[in-house]
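The values are calculated or read from the model by the stated rules, or taken from the named source; none is laboratory data. Small disclaimer: the values here were computed from a predicted structure and weren't measured. Using ideal geometry, Cβ is built from the backbone for each residue, glycine included, and neighbour counts are taken over all protein chains shown.
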Amino acid sequence: MAADSPSTVRDGFGTVSRTAGVVFRYALLAATLLGILAVGILFVYVANDAIQPFTADPGWHLTFFLTLVVPTLAVGYSLSGRGEGSLRVGLESLGLLAVMPLFAGGVAVLFLSILPALVVFSFAVALAIPLAAIVALQRTRQVGFVAKLVAAAVVTVASLLFVPNFIQNVPVIPVEWLLVALTIGAPTAAIAGAYAAASWNDRRVGRIAALAALGGVLVGGLVGSLTGVGGIAATVLATVAGVPVGLYVATVVDQHPTRREGLLLPLVVLGGMLLGAFLVRTVGFAGPASWLDWAFVTSDNSFSAESAGIYPALAGSIMLMLIVSLASFPIGIGAAVYLEEYAGNSRLTRLIEVNIANLAGVPSVVYGLLGLGLLARMLEDGLPVFPAVVADPLGLEPIRVGGDLFGIGTVFVGGLTLSLLILPIVIISSQEAIRSVPPSQRQASYGMGATRWQTVKNVVLPKAFPGILTGTILALGRAIGETAPLLVIGAPNEFGIPQELSSRVGAMPLQIYAWATTSGTEEFYTKVIPAGVVVLLVAMLAMNSVAIVLRNRYRQRN
Amino acid sequence: MKSEDTTSQAVEEQEDMSDPTDDDMLIQTDVSDSVSAGSSTVTDTVVEAKDINVWYDDDQALHDISLAIPERQVTAMIGPSGCGKSTFLRCINRMNDLIDAARVDGELYLGDKNVYDADVDPVALRRRVGMVFQKPNPFPKSIRENVLYGLKVQGIDADYDKVVEESLRKAALWDEVKDRLDESGLELSGGQQQRLCIARAIAPDPEVILMDEPASALDPIATSQIEDLIADLAEQYTVVIVTHNMQQAARISDKTAVFLTGGELVEFDDTQKIFENPESERVEDYITGKFG
Ligand SMILES: Nc1ncnc2c1ncn2[C@@H]1O[C@H](COP(=O)(O)OP(=O)(O)OP(=O)(O)O)[C@@H](O)[C@H]1O
Ligand SMILES: [Mg+2]
């Protein structure tokens, strides 16, 4: 053998057949493309109907091509050649600029149409007081755990009982946008400060960042209230979009000087859009006769296609998502933590886990029936705090609370039904995230003499949290598109903006369904419904983008 | 660093604060009392195993292990891979409790108290017995927070800056990290991570320190630093160390236990005797490299 090998090498190594491998590879590629292509075609089709780009002047297209598309591509190309992650910075900042205003819009809808600023503010204060008390209690060492628990509970209940009423009856009330700025701007500024302090490793920077964020929010609100934008809208925009974008830009400029050029990309896009709009207006090129426009998003529904808008449905969806996340987050994560960290590997837990997995696959109509039977019918008169079974023999009046919340087709019941629907998904994905925390981390903690609770709190949850959040947000994305459960619990075909938890439920998919069934004219089919679908998909994709960003960050850190 | 009393008090206080329904919390027993009682009497055995058997499901990993680990000395455990050294180490601080498949039978005394008695709280036990694992496992927290983890969960009040510096110095890591204590412990190299884990284990001042091959990921310089550290630690603490390195065992330990395949303790004696004149032929073969 040894004597042969030199001659073999001189003749080359020969080849190994890969035919089967190549065929397999292209079969896989075809399968992948088929799925993506189908969805892509649907998107293009719907978007074409909603926006009607071909109704625009060719000059309009040309103008935007020259001012927006060409410079963007050029900058993107030069950035990608530069390496060092500047293209990534460009895309990230562009994504942030595209998505954060959408969230700002959602929050603004909440404050403008659903929740009065004063009420929210009063409840925010009522929650902040017990939170501060709990933090203070944790610092003290003299009192025992039970005493702390009791004290925290008393403060929470007292604060929720008295503070909102008190604040709502204070005779002098600052302007509304200032209340909004305090309610959401102050916590956002605090978070921004904490983030900055952590990423710059300097408390002073953190304090400056927090002050700058708060200042920015206040200035934004002031400018908004003086101009036509409106104080509340401007405050929300500054808080939800301005602060994160500012923080991102500051981080890039100060900590990654080599990637600074990436920030050029959003500037070019913004500049191109403004320039294009200006040119188009001066020359007089007509834009596309898009059905999806500002008026569609902000006006009420109507029987005529021309004036039909999606605003009430949008507000309803936002309200539903609020209820769903408040309900499914704590319950789902709690169940997951229990199953993973506390429950042993007994037959019972395995049975429960199998059942949860099955529940995740139960059709949504069935959840609708559950909502109808349990929440809408059985609890119609409210939660039996002191049930009739006990009360009657004693000759007392039974007590039920929340009678107006439950009942056919209320937002509250809709939100809870959707929560039930996504609960199994939330539990399963949270379990997965918790399971992915390496056992060696838990061992390290137990080995240091930590109790189970300390291990869960200090080691498991912090590490699993991004994963839990990702799964939960993706589950929310499923909830926002559900129609069937809402129909089954008795959702009406026409609805206004849900002002209270007891209002009749409304949501975007429901609105689209209503348009398709009751107002099914040609106009509705070819224009209104596609526009509604685009709004729904944009809302869903915006939520999912948060999950995707979180997941990427999480992966990088590991 | 601090007196016996504050520590045990802190243990109790911490129990109070933590979840009362925690199932780790068996009936309250102060292991520390018995340990101090044990060490103040003439016996200078601090850990004594009597007929310890361990099963993983149906596979027996340890057979009738009996040995007495002397106080304030270094005891080395050597033996081929898979012979149960780590398993035995985990018996001492009841880390085997956390493995579903594991079942431990027998008695293991820490001082005068059998740690497998029903009234022993394993959490309180682990606060007296520190552990360094075979693979470095720092938390994804800052270096400082890693070192302070034990103090924080055990509710020990101390001058944190001083503890961080002292522990990192003892673990021969201080000079490398003193300027970046707020960076994540995961950003360190493997060897540095292991030294961080050692610093973390000694920070809350345990009585017994269990080390599972602490030097397997270290370069020769860091290894000799760790060996010096172990020698220093033995003045204050009882150190039990698993190692695959015969020379290391010979250099640093006072007593050596030789485990052989199948989970048997073949010989346990003074290190000098084991390496110069072992009773058993199998041990001699293993030490001279004829097998294992
Ligand atoms: N968690 C576990 N589940 C099941 N079996 C285990 C587990 N841990 C260890 N074992 C088994 O117990 C035996 C002893 O393992 P142990 O880890 O104690 O060996 P070791 O002496 O520490 O080996 P090494 O020197 O390679 O670390 C091995 O046969 C191993 O397969
Ligand atoms: Mg081992």
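Among B:D205, B:D182, B:D212, which is within 16 Å of ligand 1 (Cβ to nearest atom) and not polar (S, T, N, Q)? Give the derivation first.
Working: B:D205 fails: within 16 Å of ligand 1 (Cβ to nearest atom); B:D182 fails: within 16 Å of ligand 1 (Cβ to nearest atom).
The unique qualifying residue is B:D212.
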inquiry  = Quick check on my filter: what residues within the stretch B:78-102 are more than 8 Å from ligand 1 (Cβ to nearest atom) and either touching a residue at least 24 places away in the same chain (Cβ under 8 Å) or within 12 Å of B:L265 (Cβ to Cβ) (or both)?
reply    = B:I78, B:C91, B:I92, B:N93, B:R94, B:M95, B:N96, B:D97
ask   = Does B:E213 satisfy being under 17 Å from the mean Cα position of the chain (by Cα), within 16 Å of ligand 2 (Cβ to nearest atom) and either among the acidic types (D, E) or modelled with pLDDT of 95 or more (or both)?
value = yes
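So that you can scan it fast, the table gives a plain yes or no per residue for (1) β-branched (V, I, T); (2) in contact with a Cys (Cβ under 7 Å, 6 or more places away or on another chain); (3) closer than 18 Å to B:V242 by Cβ:
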residue: B:L89; (1), (2), (3): no, no, yes
residue: B:D97; (1), (2), (3): no, no, no
residue: B:A102; (1), (2), (3): no, no, yes
residue: B:L110; (1), (2), (3): no, no, no
residue: B:K113; (1), (2), (3): no, no, no
residue: B:V120; (1), (2), (3): yes, no, no
residue: B:A124; (1), (2), (3): no, no, no
ask   = With (1) of a type in the set (D, E); (2) within 16 Å of ligand 2 (Cβ to nearest atom); (3) at pLDDT below 50 as the list, and B:D16 as the residue in question, which single condition is left unmet?
value = (2)
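Yes/no per residue for (1) charged (D, E, K, R); (2) modelled with pLDDT under 85:
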{"site": "B:S253", "(1), (2)": "no, no"}
{"site": "B:T256", "(1), (2)": "no, no"}
{"site": "B:F259", "(1), (2)": "no, no"}
{"site": "B:E264", "(1), (2)": "yes, no"}
{"site": "B:T271", "(1), (2)": "no, no"}
{"site": "B:I274", "(1), (2)": "no, no"}
{"site": "B:E284", "(1), (2)": "yes, no"}
{"site": "B:G292", "(1), (2)": "no, yes"}
task = Evaluate the following for B:I252: is it more than 16 Å from ligand 2 (Cβ to nearest atom) and in contact with a helix residue (DSSP H, G or I) (Cβ under 8 Å, 6 or more places away or on another chain)?
result = yes
inquiry  = Restricting to the stretch B:148-197, name every residue that is under 20 Å from B:S216 (Cα atoms), within 14 Å of chain A (Cβ to nearest Cβ) and within 18 Å of the chain's Cα centre (by Cα).
reply    = B:Q193, B:Q194, B:L196, B:C197
task = Say whether the condition of being under 13 Å from the mean Cα position of the chain (by Cα) and either more than 10 Å from ligand 1 (Cβ to nearest atom) or at pLDDT 95 or above (or both) is met by at least one residue in the stretch B:60-69.
result = yes
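Here's the yes/no breakdown for (1) part of a loop (DSSP other than H, G, I, E, B); (2) within 30 Å of A:Y248 (Cα to Cα); (3) at pLDDT 90 or above:
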site	(1), (2), (3)
A:M1	yes, no, no
A:F13	yes, no, no
A:Y26	no, no, yes
A:F43	no, no, no
A:D49	no, no, no
A:L68	no, yes, yes
A:A74	no, yes, yes
ask   = Within the stretch A:134-152, can one find any residue that is more than 14 Å from every other protein chain (Cβ to nearest Cβ) and more than 23 Å from the chain's Cα centre (by Cα)?
value = yes
Residue list for the stretch A:138-150, filter: surrounded by fewer than 17 Cβ atoms within 10 Å (Cβ to Cβ) and part of a helix (DSSP H, G or I) = A:Q138, A:R139, A:F145, A:V146, A:A147, A:L149, A:V150
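Matching residues to (1) more than 16 Å from A:I318 (Cα to Cα); (2) more than 23 Å from the chain's Cα centre (by Cα):
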position	(1), (2)
A:R435	yes, yes
A:P438	yes, yes
A:G449	yes, yes
A:W453	yes, yes
A:I473	no, no
A:P485	yes, no
A:Q511	no, no
A:P530	yes, no
A:V538	no, no
ask   = Which residue pairs have Cβ atoms closer than 7 Å, lie 6 or more positions apart in sequence or on different chains, and pair a first residue in the stretch A:110-130 that is in the same structural domain as A:L178 (by TED's automatic domain parsing) with a second residue that is surrounded by fewer than 18 Cβ atoms within 10 Å (Cβ to Cβ) and not β-branched (V, I, T)?
value = A:I114/A:Q499; A:L118/A:Q168; A:V119/A:Q168; A:S122/A:Q168; A:A126/A:L160; A:P130/A:A152
task = Could you list all residues from the stretch A:438-454 that are buried (at least 22 other Cβ atoms within 10 Å of the Cβ) and more than 7 Å from chain B (Cβ to nearest Cβ)?
result = A:S445
task = Find the helices (runs of 4 or more DSSP H) located wholly in the stretch A:223-316 whose residues include 2 or more that are touching a Pro at 6+ places or on another chain (Cβ under 6 Å), and list them.
result = A:264-283
request  = May I ask you to list the residues in the stretch A:172-209 that are hydroxyl-bearing (S, T, Y) and closer than 26 Å to A:G224 by Cβ?
outcome  = A:T183, A:T188, A:Y195
key: Leading residue by the ranking (surrounded by the most Cβ atoms within 10 Å (Cβ to Cβ)) among those in the stretch B:77-119 that are among the small types (G, A, S) and away from ligand 2 (no atom under 15 Å from the Cβ)   = B:G111
message = Is it the case, given these coordinates, that A:V505 is crowded, with 22+ Cβ neighbours inside 10 Å, in contact with a strand residue (DSSP E or B) (Cβ under 8 Å, 6 or more places away or on another chain) and among the aliphatic types (A, V, I, L, M)?
response = yes
message = I need a count of the residues in the stretch A:277-307 that are closer than 22 Å to A:V99 by Cβ and either in contact with a helix residue (DSSP H, G or I) (Cβ under 7 Å, 6 or more places away or on another chain) or of a type in the set (D, E, K, R) (or both).
response = 6
message = under 22 Å from B:G130 (Cα atoms), crowded, with 20+ Cβ neighbours inside 10 Å, within 14 Å of chain A (Cβ to nearest Cβ) and in contact (Cβ under 8 Å) with a residue 60 or more places away in the chain: is that true of B:V239 in this structure?
response = no
task = Considering only the stretch B:146-201, state which residues are assigned to a helix (DSSP H, G or I) and among the hydroxyl-bearing types (S, T, Y).
result = B:Y149, B:Y160, B:S167
